[in-house]
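This report concerns only the one structure given below.
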Amino acid sequence: MSGRFRTPSGGRVDRRRTIRFTFDGKSYQGFEGDTLASALLANGVHLVGRSFKYHRPRGIVTAGSDEPNALVGVGVDDAHYTPNLRATQVEIYDGLVAESQNRWPSLNFDVGAVNEVFAPFLSAGFYYKTFMWPRAAWAKLYEPLIRRAAGLGRAPEQPDADRYTQVYAHCDVLIVGAGPAGLAAALATSASGAKVFVCDEQAEMGGSLLAEKTAVIDGLLAADWTAKALADLAARTNVTLMPRTTAFGWYPHNFLGLCERITDHVAKADPKLPRERLWQVRAKEVVLATGALERPLVFPDNDRPGIMMAEAARIYANRFGVKPGDKALIFTACDSAYRAALDLKAAGVAIAAIADLRAAPGGLWVDRARAAGIDVRAATVVTGTSGRLRIDSVSLAKLGPDGRTGASETIACDLLLMSGGFTPSVHLFSQSRGKLVYDEALQAYLPGASVERERSVGACRGISDLDTVLNDGAAGGSGAAQAAGFAGALGGTFAVHTDSVGTDGFIGVTPHGGHPSKTRAWIDFQNDVTAKDVKLAIREGFRSIEHVKRYTTTGMATDQGKTSNMNALGLVSETLQIPVPQVGLTTFRPPYTPTTFGIFAGQSRGDLFDPLRQTPIHDWAVAQGAVFEDVSLWKRAHYFPRAGEDMHAAVARECKATRQAVGIFDATTLGKIEVVGKDAAELMNRMYTNAWTKLEPGRLRYGVMLREDGFVMDDGVVGRMAPDRFHITTTTGGAPRVLAMMEDYIQTEWPDLDVWLTSTTEEWAVIAVQGPLARKVLEPLVEDIDLSREAMPHMSVREGKICGVPTRLFRVSFTGELGFEVNVPAGYGRAVWEAIFAAGKPYGITPYGTETMHVLRAEKGFIIVGQETDGTVTPDDAGLSWAIGKAKKDFVGKRSLARPAMTASDRKQLVGLLTVNPKTVLEEGAQIVADPAQPIPMTMLGHVTSSYWSTTLDRSIALALVRGGRARIGERLSVPMPDGPITVELVEPIFYDPKGARLDA
Amino acid sequence: MPDLAIRENSLGRLASAARTIPAAMLTVLPDAAKLLFRGRPSSIDAAGKAFGIALPMEACRFATSGNRTAYWLGPDEWLLQAVGEDSAALFAGLAAALAGHSQSLVDVSHRSDAFALSGPQAAYILNHGCPLDLSLQTFPVGMCTRTIFGKATIMLSRPAPEVFHIDAWRSFAPYVWQLLDEARSELA
Amino acid sequence: MLLITCPHCGPRAELEFSYGGEAHIARPIDPTGLDDEAWATFLYKRSNPKGVHAERWRHLHGCGRFFNVLRDTISDTIVTTYPAGQPRPALPSDGKENAR
Ligand SMILES: [Zn+2]
């Protein structure tokens, strides 16, 4: 049995398939095709949550994605748990575990409801006014308090176990919404042969047609016509039907985000399938058929469980076979609620009365209601409701022509249905930056001028009668196909038998005669904002709806005010006595409904979050037990610890081995660019500070590159391979930026130069062999290259073979020792590395990592761009004036170096620092001051850029940028630290072999 | 003198453990000599003659003859690929033919590794990270282009309706392969 | 995500491109001949219009070429794209702006 409130027959649920699920630990049954909301209602459960601020008991209000109250957490465990799902969208399956939120200890008894007592203190702007001072109270007191008291769902603590994928797709026409307008558009546009996507957020396509019992389209009952239309569309190979797919966001140039829910409704999902798929759709044309949402009426105590939208109740009865109550009272401002009353009556719900806000309701639907024996009361309003966990009675009063209410009468009921008319869903249109236009007659914002290639059809543009909706959809679909370049769309008309429910409605707060400060009429159910709050905001001077929204938080909940925005506008308009358009309109932003983080992450998780760039030598380093560090996207060996060694010990050993014997280092990640063409040297002259014309083939030079603003951008050793060919190296992280800047100048400033660039970063594996024994290791391995001191001096390059494969062999050193960098084609990198390592064994060859490389270069005072420089350092600041070609008329950045600020004597300049206590190692980034006793804020003179323990020197060393530093060499300054200031002496930024004798060995 | 001309492919290990998913197969392509040619319009004919294939002048197209393919990469840039050939010999031949021309020739044989994604669902799987419209109308057989896949640049070409070739720089190739392999899980 | 038409490759997703700042700011032929203010203007001053903006994009993950785009900064509408080195195309609205 699936509940006492299930109708004996009817609805679209499959009554042969009973589904068992739990809600708050209690077992229930429903039918296949039920949502959690319809199944709970079938069991008589209305109370499903507590409100955000006051913890008021709340029930199911709608039957769709606009639901403000019925937010639930779903999932058997934390790895599969999703909070804040709308029960109206959750499809039940066997074993579903759902729970209510925002209540403790239980839904029926919630301690947080004590907030009700404090309600007078929780008015509009309460957060702004109350939680201001003292600041220290925020972290310890206010924030935890607010989070506990005003929480929405609980965030799961386990990593999400599900898969999510992202896929790009293209179509000629994307149709959003598969109600009558969307289906008609799809039939018309797809007849042209255009590639068509149709998405709809619901499990079953058809929209309002699924709750339609009497309308006839082209001779078929609405449900049969819908089934036929869907079958026709499914049979067309150019149509993709996407149910359970929410178009949540519109991004520029007809790019839409669609979230497809794939496994959430399945008891035993195929583990290969993603839980959700993000469709990133680029559509030539978009047809918005997003329908309209029914508006609540705002009256005193309109938030009790059992108070529901009239159309939602009709959907529960007609589509799900569920009676939302035994005895309903209806409060309306339009005819559609009469239709709902008649359908509910047919389903077995007693109708206590229809209270109609309008002075003289009449016409077909009113007549039908009266004929059915329903007590219709014109000019009647609801002045209050009662019932703690469920509504039990309603107070009605007559509304006089003067707007005053008469004596009230109390009527018992367990269901109060309301309808203030329909608000077109213009969210996606507005996200597309189309202009909304206010329609006075409809009291609604409608799509105006388009910015993107889209069109709205049907109810989302204010059209409501089924025949006009269908024909509008067909015309729109046909127009979209034509606009996408397809002729032959069918824009036919439909023969429809149905009765109009008109377009009456109401926005704002219904008259109730209650005391304004003692009556609470909810505008925004989810954020617990009342009419009183909005009025208070206005009294306090807020005028624009953007400000009222932020002050009161109306419309700022996860439903983005789908049910509340128009009523808030109406109230502000009425209070200020200004027309609605003058109140302004808040901005619609993605996502249309809350969307999981999972689809935004997609497959970019774990090792696939970013490319893990590895060199050809990576696996060897792994096998040797290297510890790795991230350098841009690269994994680089940081150090190679032996058993029992920490980083300090490993680095000390690696440094010593390299200085005394020979070390081997993987420098493959260095950026490399081949510059080729007869104007190659000219380009080099313009791009680098150095002079290149006279550099002979076979020689290397250290080059410095500036940005046009004069600051150091990159550096690296450059080899001239031939008169028209240079081999540039860049920093590991700088390669793409250097290549892009050089391409920019070649393409856009100097297109006359005959020179071209090719990235060769990944063409070459680079094996640095450094140390006094480096030559001995390499000599037996090379062919056609004389490695002797005379034949191949420091800063030269030779081409030949090593281990039988081609090499560009650089004699270069970033360590200060005799050194070589062996470039070989990357595919041979591992083999050559292993051969060199084997050849070096007799000499004690030691692999070293980036940490040792850093220490060794710092001992020599070699800078690292990005460590000694930060984008505000000139070549002179970094001690690189010698690298500037003085005779060159121009190079990128040269003019900027002549600006007054760039030549000031008190610029921060590179110096060495020696701590007075040689055992103290400074912290990189530490500030340098003259007087550590100076009151805060102290005058900061500079900062430490590099700091290491030097095994070679048996003491600490550091590099720093200090104001006017070169003139201060010999002075003592201070580095203030939490444990007290550290005294340092400024020295030349070179600590080891200042004459460079070892390099030239 | 040890002879170590044993080239290591960055996809070797992944390829040997690849799953068989007929709807979207992943297969490593054989090593090739690859030269990047850039130059003035006046040098293009000479390059094509020396390579044996007229360089495609239509944007985003490739031309194949035997084991050699010329890929248009940009208005002054072509990738000249010769499967199974020695790059040094190829380079020397072209360089000699192009002497005196305004151009650049660079050996990039080891810069990238290539693999094929093939099968009826190849385009769908490729769209898990590649933003191109891969319908045969907009991405026909014979088309090639650099594009993006996830966070990596790739060179994509389509030699047959259900076959894509993906050429990616060595250190990005495993990422591209693994991301595609993850995406095709739902077809396993 | 913008859809940008590369003059060589046709319409492509924004992901394939990198942005290159305002277009038609040529590097002075002889920077040393400029005074500090003129050089600073070249380096730092940009028009930042509300409306149609001529800007540089590069088809970085594509053909690699820099080219120019006229984009409306209010609506993100791309009016046209054209190769680097070509003058900014005249727009129907240009005359009106000049008249004001
Ligand atoms: Zn392009």
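Taking amide hydrogens as placed 1.01 Å from N in the peptide plane, the amide H of A:GLY800 sits under 5 Å from those of A:THR807, A:LEU809, each at least 5 positions away in sequence or on another chain. The stretch A:199-248 and the stretch A:849-914 have their alpha-carbon centroids 69 Å apart.
Close amide H contacts of B:LEU73 (hydrogens built in the peptide plane, cut-off under 5 Å, sequence separation of 5 or more or a different chain): B:TRP78, B:LEU79.
I want to make sure I understand the PRE zone here: with the label point 7 angstrom from the Cα of A:VAL216 toward its beta carbon, which residues in the stretch A:320-354 have backbone N atoms less than 12 Å away? Label zone hits: none. Applying 1/(1 + (r/R0)^6) with r as the Cβ-Cβ distance of A:THR468 and A:ALA346 and R0 = 22 angstrom yields a FRET efficiency of 0.25.
In sequence order, the stretch B:153-170 has phi-based couplings of 7, 10, 9, 10, 9, 10, x, 8, x, 10, 10, 10, 9, 10, 10, 10, 3, 2 Hz under the Karplus curve 6.51 cos²θ - 1.76 cosθ + 1.60, θ = phi - 60°, and Gly or Pro positions carry x. A simple spin-label model places the labels of A:ARG236 and A:ASP402 6.1 nm from each other, with each point 7 Å out along Cα-to-Cβ. Going by a ≥ b ≥ c, the root eigenvalues of the Cα gyration tensor, does the stretch A:296-420 fall in the rounded group (a/c under 1.5), the prolate group (a/b larger than b/c) or the oblate group? Here the stretch A:296-420 falls in the oblate category. Cα-based values for the stretch A:670-760, radius of gyration first and Dmax second, are 11.7, 32 Å. Projecting the Cα atoms of B:PHE139, B:VAL28, B:ILE166 onto the dipole axis of chain B, where Lys and Arg carry +1 and Asp and Glu carry -1 at the beta carbon, places B:PHE139 farthest toward the positive end.
With contacts taken as Cα pairs under 8 Å at a separation of at least 6 residues, the stretch B:32-108 carries a relative contact order of 44 percent.
Work out the mean other chain Cβ neighbour count within 10 Å for the residues of A:891-902 and drop it here as an integer. Could the numbers behind the result be given before it?
Numbers: counts 1, 2, 1, 2, 12, 5, 0, 4, 4, 1, 1, 0.
Neighbouring Cβ atoms belonging to other protein chains average 3 per residue here.
In this structure, the amide hydrogen of A:MET418, modeled 1.01 Å from its nitrogen in the peptide plane, lies closer than 5 angstrom to those of A:MET308, A:MET309, A:ALA310, A:PHE331, counting only residues at least 5 positions away or on a different chain. The stretch between A:LEU364 and A:ASP392 holds 7.0 nm of extra length on full extension. This uses 0.36 nm per residue minus the Cα-Cα distance. Annotation note: trypsin sites (Lys or Arg not before Pro) in the stretch A:693-756 located in DSSP loop regions with a Cβ neighbour count of at most 10 within 10 Å are A:LYS694.
What do the square roots of 5 times the Cα gyration tensor eigenvalues come to for the stretch A:512-576, in whole Å, largest first, as semi-axes of the equivalent ellipsoid? Write down the numbers at each step before the final one.
Numbers: eigenvalues 57, 40, 20 Å².
Listed largest to smallest, the semi-axes of the stretch A:512-576 are 17, 14, 10 Å.
Across the stretch A:969-981, rounded Karplus estimates of 3J(HN,Hα) from the backbone phi angles (6.51 cos²θ - 1.76 cosθ + 1.60, θ = phi - 60°) give 4, x, 6, 10, 10, 10, 10, x, 10, x, 8, x, x Hz, Gly and Pro being marked x. Summary value for chain A: 9 percent relative contact order, contacts being C-alpha pairs under 8 angstrom separated by 6+ residues. Among the listed pairs A:LYS672/B:LYS151; A:LYS694/B:LYS34; B:LYS49/B:LYS151, those with a Cα-Cα distance over 25 Å are A:LYS694/B:LYS34; B:LYS49/B:LYS151.
Evaluate E = 1/(1 + (r/R0)^6) for B:ALA95 and A:MET940, where r is the Cβ-Cβ distance and R0 equals 60 Å; express this FRET efficiency to the nearest 0.05.
Details: r = 56 Å, r/R0 = 0.94.
For R0 = 60 Å, the calculated efficiency reads 0.60.
In order along the stretch A:258-274, the phi-based Karplus estimate (6.51 cos²θ - 1.76 cosθ + 1.60, θ = phi - 60°) of 3J(HN,Hα) comes to 10, 9, 9, 8, 9, 10, 4, 9, 10, 5, 10, 6, 4, x, 6, 7, x Hz; Gly and Pro are listed as x. Model label points for C:MET1 and C:THR80, set 7 angstrom from Cα along the Cα-to-Cβ axis, are 2.8 nm apart. Peptide A:738-748 is shielded by partner chain Cβ atoms: per residue, an average of 4 of them sit within 10 Å of its Cβ. Derived value for the protein assembly as shown: Kirkwood hydrodynamic radius 35.4 Å. Basis is the mean of 1/r over every pair of different alpha-carbon atoms. When you count the other C-beta atoms within 10 angstrom of each residue and take the mean per peptide, C:22-31, A:340-349 line up highest first as A:340-349, C:22-31. An ellipsoid equivalent to the stretch C:3-87, defined through the eigenvalues of its Cα gyration tensor, has semi-axes of 26, 16, 10 Å when rounded to whole angstrom and sorted largest first. For the residue pairs A:LYS776/A:LYS841; A:LYS345/A:LYS562; A:LYS656/A:LYS776; A:LYS398/A:LYS532; A:LYS53/A:LYS532; A:LYS323/A:LYS345, the alpha carbons lie more than 21 Å apart in A:LYS345/A:LYS562; A:LYS398/A:LYS532. Taking a ≥ b ≥ c as the square roots of the eigenvalues of the alpha carbon gyration tensor, the stretch A:173-278 is oblate, as a/c is not under 1.5 and a/b does not beat b/c.
Under 17 Å of direct C-alpha separation, and excluding same-chain neighbours fewer than eight residues apart, A:LYS995 reaches these aspartates and glutamates: A:GLU817, A:GLU859.
Apply the a/c threshold of 1.5 to the C-alpha gyration tensor of the stretch B:32-108 and tell me whether it is rounded, prolate or oblate. It would help to have the intermediate numbers written out before the result.
On the way: a/c = 1.61, a/b = 1.06, b/c = 1.51.
The shape class here is oblate.
Remark: mean inter-chain Cβ contacts per residue of A:600-611 equal 4, using a 10 Å Cβ-Cβ cutoff to other protein chain atoms.
Ranked by the mean number of other Cβ atoms within 10 Å per residue, highest first, peptides C:50-58, B:66-74, A:674-682 order as A:674-682, B:66-74, C:50-58. Here each label is just a point 7 Å from Cα along the line to Cβ, and for A:ALA933 and A:THR410 those points are 8.2 nm apart.
Sorting the Cα pairs of the stretch A:608-663 by distance into bins of 5 Å, from 0 upward, gives 4, 18, 22, 22, 19, 9, 4, 1, 0 percent per bin.
Every read-out reported here was derived from the displayed coordinates using simple, explicitly stated rules and does not represent laboratory data. Bear in mind the structure is a predicted one, so any value in this text is a computation, not a measurement. So basically every Cβ, Gly included, is an ideal-geometry build from the backbone, and we count neighbours across all protein chains shown.
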